[in-house]
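We did not get these values from a lab; they are worked out from the coordinates using the rules stated. What you are looking at is a predicted structure, and each value in this text was computed from that prediction instead of being measured. Here the Cβ positions follow ideal geometry from the backbone for every residue, glycine too, while neighbour counts run over all protein chains shown.
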Amino acid sequence: MTSNDRRLGDRILAALELSLEQEHLDVAEHLARALEETLTRFGGPDAVDHRELSAGMLQAFDRLDELRRAAHRLP
């Protein structure tokens, strides 16, 4: 296990990807919020986060949006 695999955000992202693969929308929603929280928890509420989202995170959020649309039958 590399040091990046030990970061909480990486583990949450892996769980989010699995929930998306299994089309568990409710779980994916919770994990997406948890992932967002891990990205902003250091620095306090007024801190500006200058980190860019990884390609994997962007892809997961896109897949979550697709799953939401499918679940709610949106175009």
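Key figures
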{"item": "Fewest-first ranking of 31, 8, using other Cβ atoms within 10 Å as the exposure measure", "result": "8, 31"}
{"item": "Computed E for residue 30/residue 52 - FRET, C-beta separation, R0 22 angstrom, nearest 0.05", "result": "0.40"}
